[in-house]
Structures are given as C-alpha cells and as structure tokens.
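*Asks:* Handing you this structure, nothing more for now.
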C-alpha cells in the first residue's frame, strides 16, 4: 500500500492508470471492444474484500482492465493487509493493481497564521493503494453467489429504466437523446441483436439525459472545447457499463462507436486526467439513476 501526496506523485498515478486504459483501448480497437465492455458476470462487480463496498469511478475501469488482462474470474479485491487480516496470503511474486482513493480535507486559508480567521479552503488528497485479486491469494474461498436467470435480469432492466421517468419514443430512428425535448429516441426492438444490446443502448442514451440542466447539469464544453463530444460519449458508455454491471447484464461493443476510438486515444494521451473526469461523471450519472429507483439497492461508498 502506498500514500500519494505530492502533485508529482498524483500526476504519476494519473499517467500510470491512463496508460493502462490507453493500452486496453488500443488492444480492442479492431473489434471496437473497449475495456468497459463485459459479459455481465461476477467479474464486473469489483468489490473490496474487507468492507464489502463496490469500487467506484475510474477504479472500476482499472480493475476491469486488470481482470481481463489476467483472466480473473471473480471481482473480489483487497490490499495485502486486508487479505492478511482475514487469514489469506498474497502469493509471492504477484503483481498488484493500483486504485485511487480521493479524500477532502479542510485547510485554513493561511496555514501559517493563527489569527482566528475561519475561512477555509478544501484540499483534495489522492491516496494510491495496491490491491490484489482473490485469484492471487491462498487461504480464501470466495462465496458462490447464484445469479438470477437472464430473463429476470432483463425484466429488472426494464423496470430500472421506467423508474428514471425519461420520455422514450420508439420507431424508425437512430438511437439518440434530444436535449431540447428531453426525449430519448430508440429504434424498434428488431433492430437489435439481443435484449441485452437494446438495454445497453437505452441506458447509454439515458446517461446522456442525466446531463440535462434539471438533472446533473453536466457540461464538458468549457474544459474540453471541441473534444466535449468524445468525452461525453465516453461518459455515457461508462455509465452504461456501471449500470449494466450492477444489473448483471452484458455490455457489448457498438460498432457505431468506432468513430470515437481515435478521439478517445488522442484525448487520453494528451490529457491523462480526462478518463478520471469521464469516470467520475459516469459514476455521478449511475448514482443518479440508482437514486430514482423505488427501493435503494446496494451501493458502494
């Protein structure tokens, strides 16, 4: 486990994680398979062995990449000490995966002055941890969790989307969200190869809708200028992946996103923080969707 405090060390964390994401995108570009596509199995739910909490934001993406690269079949992770605390042992020579925990702390406007000034400013500290998958340890037997049949999971997806109360029109359309009418337009069901593909597309468009001013008021144009659309698309894709993983449904590649691959790669190489921003906004969108549900599901901190 390591602690990252200086700006140089934080920049290194950005660079390392982004480099892994770039490599994964480049590896899957030929089949339009991005590191956030998954098959809906347990690996898609990265979870901490000690707290039971699910990892969030860019950490989900980093752990997905590591799991896919090494063939891990379970999404259970923990630090060396966390595994040790429950009687398990990370095998010698195993290489861990970096995840990042952000913490906010209040600091006085002038740390050197003791003048009774109550003005405070917030500092954000990045703590980088090395975690290991359950497949990398001895002495621990993961619990087997039975998954609902696919038909039940897909039914739940429909109920989940209905609870968002975003208007949806189906017909002879390409899938898109219109912000001026706050409406999602979808092709007929026959246009999709599977129910999971339809669900993924619909949640992707719903993710765009979360950015509307009366919802999360998401606006990338000020920071990313002409690159705002690729980063918005990446955010919608990540949101769909997070939600589909929560619901146990596969997230398949979409060939129509091939046009964004080059833009994503260029943007990530130019700005190592871009994917952190997209993942953070995607997590906010996923949280908003969960908050609209009639019953609060299990959500991670």
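The values are calculated or read from the model by the stated rules, or taken from the named source; none is laboratory data. Everything numeric in this text was worked out from a predicted model, so none of it was measured. Cβ coordinates were reconstructed from backbone atoms using ideal geometry, including for glycine residues, and neighbour counts include every protein chain displayed.
*Asks:* Residue 279: under 19 Å from residue 64 (Cβ atoms), modelled with pLDDT of 90 or more, in contact with a strand residue (DSSP E or B) (Cβ under 7 Å, 6 or more places away or on another chain) and buried (at least 17 other Cβ atoms within 10 Å of the Cβ), yes or no?
*Replies:* It is false that residue 279 is under 19 Å from residue 64 (Cβ atoms), modelled with pLDDT of 90 or more, in contact with a strand residue (DSSP E or B) (Cβ under 7 Å, 6 or more places away or on another chain) and buried (at least 17 other Cβ atoms within 10 Å of the Cβ).
*Asks:* Let me ask something else. Applying the selection to the range 268-297, what residues are free of Cβ contacts under 8 Å to residues at least 60 places away in the same chain, part of a helix (DSSP H, G or I) and more than 18 Å from the chain's Cα centre (by Cα)?
*Replies:* Within the range 268-297, 270 is the sole residue that qualifies.
*Asks:* Before we move on, is residue 193 without any contact (Cβ under 8 Å) to a residue 60 or more places away in the chain, under 25 Å from residue 156 (Cα atoms) and surrounded by fewer than 17 Cβ atoms within 10 Å (Cβ to Cβ)?
*Replies:* Values: without any contact (Cβ under 8 Å) to a residue 60 or more places away in the chain: yes; under 25 Å from residue 156 (Cα atoms): yes; surrounded by fewer than 17 Cβ atoms within 10 Å (Cβ to Cβ): yes.
Answer is yes for this residue.
*Asks:* So for the range 40-56 (the condition being modelled with pLDDT of 80 or more and more than 21 Å from residue 135 (Cβ to Cβ)), does at least one residue qualify?
*Replies:* Of the residues in the range 40-56, the ones modelled with pLDDT of 80 or more are 46-56.
Narrowing further to those that are more than 21 Å from residue 135 (Cβ to Cβ): 56.
Taking every residue of the range 40-56 in turn, at least one turns out to be modelled with pLDDT of 80 or more and more than 21 Å from residue 135 (Cβ to Cβ).
*Asks:* Within the range 49-66, which residues are part of a helix (DSSP H, G or I) and surrounded by fewer than 20 Cβ atoms within 10 Å (Cβ to Cβ)?
*Replies:* none
*Asks:* Taking the range 116-159 as the region of interest, how many residues are surrounded by 10 or more Cβ atoms within 10 Å (Cβ to Cβ), closer than 15 Å to residue 48 by Cβ, at pLDDT below 90 and out of contact with any helix residue (DSSP H, G or I) (no Cβ under 6 Å at 6 or more places or on another chain)?
*Replies:* Matching residues across the range 116-159 total 1.
*Asks:* Still on this structure: Residue 183: touching a residue at least 12 places away in the same chain (Cβ under 8 Å) and farther than 25 Å from residue 67 by Cβ, yes or no? Can you show your working first?
*Replies:* Working: touching a residue at least 12 places away in the same chain (Cβ under 8 Å): yes; farther than 25 Å from residue 67 by Cβ: yes.
Criteria met by residue 183.
*Asks:* Here's a follow-up. So residue 227 passes all but one of these: (1) in contact with a helix residue (DSSP H, G or I) (Cβ under 7 Å, 6 or more places away or on another chain); (2) more than 25 Å from residue 295 (Cα to Cα); (3) modelled with pLDDT of 95 or more. Which condition number does it fail?
*Replies:* Of the numbered conditions (1) in contact with a helix residue (DSSP H, G or I) (Cβ under 7 Å, 6 or more places away or on another chain); (2) more than 25 Å from residue 295 (Cα to Cα); (3) modelled with pLDDT of 95 or more, the odd one out for residue 227 is (3).
*Asks:* I'd like to verify a number: residues in the range 177-231 that are in contact with a strand residue (DSSP E or B) (Cβ under 8 Å, 6 or more places away or on another chain) and in a loop (DSSP other than H, G, I, E, B), how many?
*Replies:* The total comes to 1.
*Asks:* Here are some residues: 300, 240, 236. Which one is modelled with pLDDT under 90 and either crowded, with 24+ Cβ neighbours inside 10 Å or under 14 Å from the mean Cα position of the chain (by Cα) (or both)?
*Replies:* Among 300, 240, 236, only 300 is modelled with pLDDT under 90 and either crowded, with 24+ Cβ neighbours inside 10 Å or under 14 Å from the mean Cα position of the chain (by Cα) (or both).
*Asks:* Starting from residues that are more than 23 Å from the chain's Cα centre (by Cα) and in contact (Cβ under 8 Å) with a residue 60 or more places away in the chain, keep the ones in the range 67-95 and report whichever is surrounded by the fewest Cβ atoms within 10 Å (Cβ to Cβ).
*Replies:* Per the criteria, the residue is 81.
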